[in-house]
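Taking it in order: structure first as structure tokens, then the write-up.
The values are calculated or read from the model by the stated rules, or taken from the named source; none is laboratory data. Computed from a predicted structure; not experimentally measured. A quick note on method: Cβ atoms are made from the backbone with ideal geometry, for glycine too, and the neighbour counts reach across all protein chains shown.
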Amino acid sequence: MWKDDFGTLRNGAVDGRDPMAQLRQPRGARPGGEWVTPQRDEPDVQLRPDGGWPAITLEPHDWTSTLNEKYADVFQRIRMARPYKAAVPPLITDVDAHLAPETLDLQEQAVGEVIRFDAEMAAVPVPMPAILLRTESASSSQIEHLTSNARNIALAELGAGSKDNADLIVANVRAMRTAMDAGDHVDADAILAIHRCLLAHADPDVAGRWRNEQVWVGSSGLSPHDADFVPPHHDRVPELIDDLVTFSQRTDIPALAHAALLHAQFETIHPFTDGNGRTGRVLVHTVLRARGVTRNATVPVSAGLLRSPDRYFAALTAYRRGDIDPIVQEMSHAALAAVANGRQLTGEVIAIRDAWRNQITARSDSSAWRLADALFSQPVINAERTATELDISARAARTAIDTLVTAGVLTATSDARRNRVWQAPQVLAAIDGFAQRAGRRTAGR
């Protein structure tokens, strides 16, 4: 057995499969200025807390374990001999979303801030969308305890001296880009494509495939009995995904609340054996784009969720009980925190760029200027990547790098002459600063 996002335990010991033939190690498990704002319509609805969201129900399933009994004591064997109970999530296509007035007010405030921030990013003279995409991917991975610094992530993107966690974070970046390329609609093919990008290298056997076994969260690794949460039996996954896709097309629920509820339902379905959390957080951005809240950039909502992962997980648990206000509130607070953090990062990036304008001495048509701006989206480079990105010769690429080294913009990462790599330390420090601010755990808000 092994763990996926949210500390989910996989075990092939159901339907007669032998888990010991697939034993794997856990990965990233949780023990569990003034801007003109474009007008975008929100649904004209009044959602009152006079009704309820349906809670999950439970259904029994026989548990057939093929584990050698030496791994279990007599009490465990007795417990595993009885059926376990798996969740049966409700179908939500036509369910009314009754939210408390304070929740609606909070989500409206968050949507307004996200819209303003998105407009601001369109006017920034640096590639902030690329920077924010990386920060969102890194933050989403950090929720699963997959951490790496900006330098290692950039090295992994470059394919030079990468580390395991950095590779997984870069895969998350690719998954985000896949979602953006797939358009603004949530459908089964898009979800599978996101998951395939996320796990193609780390776990190709399950990448882009719905699970065909039972998984569970918490309790013993031997069986799902008494687990904290047992997602639906895998036979239910296709129907639940079809229902989720139809739910994604609704327009009668305020946009951020819509994204939060779709995310919570996806995590409850838990359709994959690994990568559910990271895939589900990508879908938040798909919904926000589909609803017209974002058009220019990826607002790093996961960075806001990082401020209190325990509260985020508790909100998902509340959703399964039929209480939808907490997850909408958490997503709204996360969006507000992400915007504040993103604005600070943007200010730091612009300040770095302004300082470079005084440091770099080169002709206005020099490739060095184009390389300087490219460093914000790829702060670790080599000559080959520079030549490719700027569409210049290898000699011109080395000249541009030398110019920025002389100006103090770039530094070599080692003294080796072969396969030399350079980095922009100021950019890396700004991105790491964003991550440190996002990762602060708070008891309150």
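Here are some conditions: (1) at pLDDT below 95; (2) among the charged types (D, E, K, R); (3) in a loop (DSSP other than H, G, I, E, B). Residue 278 meets all but one. Which one does it not meet?
Single failed check for residue 278: (3).
Table: residues versus (1) buried (at least 21 other Cβ atoms within 10 Å of the Cβ); (2) outside the structural domain of residue 279 (by TED's automatic domain parsing); (3) within 17 Å of the chain's Cα centre (by Cα).
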| site | (1), (2), (3) |
| --- | --- |
| 167 | no, no, yes |
| 170 | yes, no, yes |
| 174 | no, no, yes |
| 178 | no, no, yes |
| 188 | no, no, no |
| 192 | no, no, yes |
| 197 | yes, no, yes |
| 207 | no, no, yes |
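So which residues in region 351-396 are among the hydroxyl-bearing types (Ser, Thr, Tyr) and part of a loop (DSSP other than H, G, I, E, B)?
To start, the set of residues in region 351-396 that are among the hydroxyl-bearing types (Ser, Thr, Tyr) comprises 361, 364, 366-367, 377, 386, 388, 393.
If the condition is that a residue be among the hydroxyl-bearing types (Ser, Thr, Tyr) and part of a loop (DSSP other than H, G, I, E, B), then 361, 364, 366, 377, 393 are the ones that fit.
Against the definition (in contact with a helix residue (DSSP H, G or I) (Cβ under 6 Å, 6 or more places away or on another chain), in a helix (DSSP H, G or I), modelled with pLDDT of 95 or more and surrounded by fewer than 24 Cβ atoms within 10 Å (Cβ to Cβ)), how does residue 262 come out, yes or no? Walk me through it before giving the result.
Values: in contact with a helix residue (DSSP H, G or I) (Cβ under 6 Å, 6 or more places away or on another chain): yes; in a helix (DSSP H, G or I): yes; modelled with pLDDT of 95 or more: yes; surrounded by fewer than 24 Cβ atoms within 10 Å (Cβ to Cβ): yes.
Yes.
Return a yes/no flag: does region 425-438 have any residue that is under 21 Å from residue 173 (Cβ atoms), surrounded by 15 or more Cβ atoms within 10 Å (Cβ to Cβ), at pLDDT below 90 and touching a Lys or Arg at 6+ places or on another chain (Cβ under 8 Å).
Scanning region 425-438 turns up at least one residue that is under 21 Å from residue 173 (Cβ atoms), surrounded by 15 or more Cβ atoms within 10 Å (Cβ to Cβ), at pLDDT below 90 and touching a Lys or Arg at 6+ places or on another chain (Cβ under 8 Å).
Residue 267 passes all but one of (1) out of contact with any strand residue (DSSP E or B) (no Cβ under 8 Å at 6 or more places or on another chain); (2) acidic (Asp, Glu); (3) surrounded by fewer than 22 Cβ atoms within 10 Å (Cβ to Cβ); which number fails?
Only one criterion is unmet by residue 267, namely (3).
If residue 86 meets every condition in (1) within 30 Å of residue 197 (Cβ to Cβ); (2) at pLDDT below 85; (3) not acidic (Asp, Glu) apart from one, which number is that one?
Tallying (1) within 30 Å of residue 197 (Cβ to Cβ); (2) at pLDDT below 85; (3) not acidic (Asp, Glu), residue 86 fails exactly one: (2).
If you check residue 397 against the conditions, is it crowded, with 18+ Cβ neighbours inside 10 Å and closer than 22 Å to residue 156 by Cα? Steps first, please.
Values: crowded, with 18+ Cβ neighbours inside 10 Å: yes; closer than 22 Å to residue 156 by Cα: yes.
When the stated conditions are applied, residue 397 passes them.
Taking residue 297 as the residue in question, decide whether it is out of contact with any Lys or Arg (no Cβ under 7 Å at 6 or more places or on another chain), more than 17 Å from residue 198 (Cβ to Cβ) and either assigned by TED's automatic domain parsing to the domain that holds residue 179 or buried (at least 19 other Cβ atoms within 10 Å of the Cβ) (or both).
Yes; evaluated as a whole, the condition is true for this residue.
How about region 136-165: which of its residues are surrounded by fewer than 24 Cβ atoms within 10 Å (Cβ to Cβ), at pLDDT 85 or above and under 10 Å from the mean Cα position of the chain (by Cα)?
Result: no residue meets the conditions.
When you go through 380, 421, 405 one by one, which is the residue that is of a type in the set (A, V, I, L, M, F, W, C) and out of contact with any helix residue (DSSP H, G or I) (no Cβ under 8 Å at 6 or more places or on another chain)?
405
Inspect all residues belonging to region 306-326 and state whether any of them is within 17 Å of residue 111 (Cα to Cα), in the same structural domain as residue 261 (by TED's automatic domain parsing) and under 17 Å from the mean Cα position of the chain (by Cα). Working first, answer last.
Pass one, region 306-326, residues within 17 Å of residue 111 (Cα to Cα): 325-326.
Okay, now just the ones that are also in the same structural domain as residue 261 (by TED's automatic domain parsing), so 325-326.
Right, trim to under 17 Å from the mean Cα position of the chain (by Cα) and you get none.
No - not one qualifying residue is present in region 306-326.
Quick check on this structure: which one of 252, 226 is within 19 Å of residue 318 (Cα to Cα), among the acidic types (Asp, Glu), assigned by TED's automatic domain parsing to the domain that holds residue 91 and in a loop (DSSP other than H, G, I, E, B)? Break it down into steps so the answer makes sense when it comes.
On the way: 252 fails: within 19 Å of residue 318 (Cα to Cα).
So the residue among 252, 226 that is within 19 Å of residue 318 (Cα to Cα), among the acidic types (Asp, Glu), assigned by TED's automatic domain parsing to the domain that holds residue 91 and in a loop (DSSP other than H, G, I, E, B) is 226.
What is the residue count in region 397-414 for residues that are of a type in the set (A, V, I, L, M, F, W, C) and part of a helix (DSSP H, G or I)? Step through it out loud before you land on a result.
Filtering region 397-414 down to residues of a type in the set (A, V, I, L, M, F, W, C) leaves 397, 400-401, 404-405, 407, 409-410, 412.
Going one step further and asking which of them are part of a helix (DSSP H, G or I), we end up with 397, 400-401, 404-405.
Going through region 397-414 one residue at a time, the tally reaches 5.
Across region 133-158, what is the number of residues that are of a type in the set (Gly, Ala, Ser) and more than 13 Å from residue 302 (Cα to Cα)?
Start the filter on region 133-158 by keeping residues that are of a type in the set (Gly, Ala, Ser), which leaves 137-141, 148, 150, 154, 156.
From the residues that got through so far, the ones that are more than 13 Å from residue 302 (Cα to Cα) too are 148, 150, 154, 156.
Of the residues in region 133-158, 4 are of a type in the set (Gly, Ala, Ser) and more than 13 Å from residue 302 (Cα to Cα).
Looking at residue 271 and the list (1) in a helix (DSSP H, G or I); (2) in the same structural domain as residue 170 (by TED's automatic domain parsing), which single condition is not satisfied?
Only one criterion is unmet by residue 271, namely (1).
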